Amino acid sequence: MPNREPTKAPPYKIDREHLKRVCSVEFVRTSGPGGQHKNRRETGVRLFHPPSGVEVVASERRERPRNLELAYERLVEILTRRNRVRRQRITTRIPKSQKRRRLESKRRQSTRKANRRVVDDS
């Protein structure tokens, strides 16, 4: 059995309280459907998570609190994907039959190409 490294703690914490402390929140004015209320108020939310460099924007709702909630949900989703630790691939030996087959194929190809060469009779 190969030696595997121990599982590490996820690099980014995703609980809401921690994210509220770490992230910088910026409210922005957005365009699009939603009427005058959306165009006059800064209802869009831009969240920046400095440890990971992830920036998330939510501006589809007319209310600031709903956009803030959407932005945090998106950030948690992205950080969850980034926290996933991939298992290390275990290398396997190439069977002797495969090595033999590959070498025979190379030998056949080599003789085929060698037979194409022009023979010099001097």
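The values are calculated or read from the model by the stated rules, or taken from the named source; none is laboratory data. Remember, predicted model here, so these are calculated numbers, not experimental data. No Cβ is skipped: glycine too gets one built from the backbone with ideal geometry, and neighbour counts run over all protein chains shown.
A few points about this structure:
- Subset of the range 43-93 (residues that are free of Cβ contacts under 8 Å to residues at least 24 places away in the same chain, surrounded by 13 or more Cβ atoms within 10 Å (Cβ to Cβ), part of a helix (DSSP H, G or I) and over 24 Å from the mean Cα position of the chain (by Cα)): ARG66
- Residue check for SER110: surrounded by 10 or more Cβ atoms within 10 Å (Cβ to Cβ), modelled with pLDDT of 90 or more and over 18 Å from PRO10 (Cβ atoms): yes
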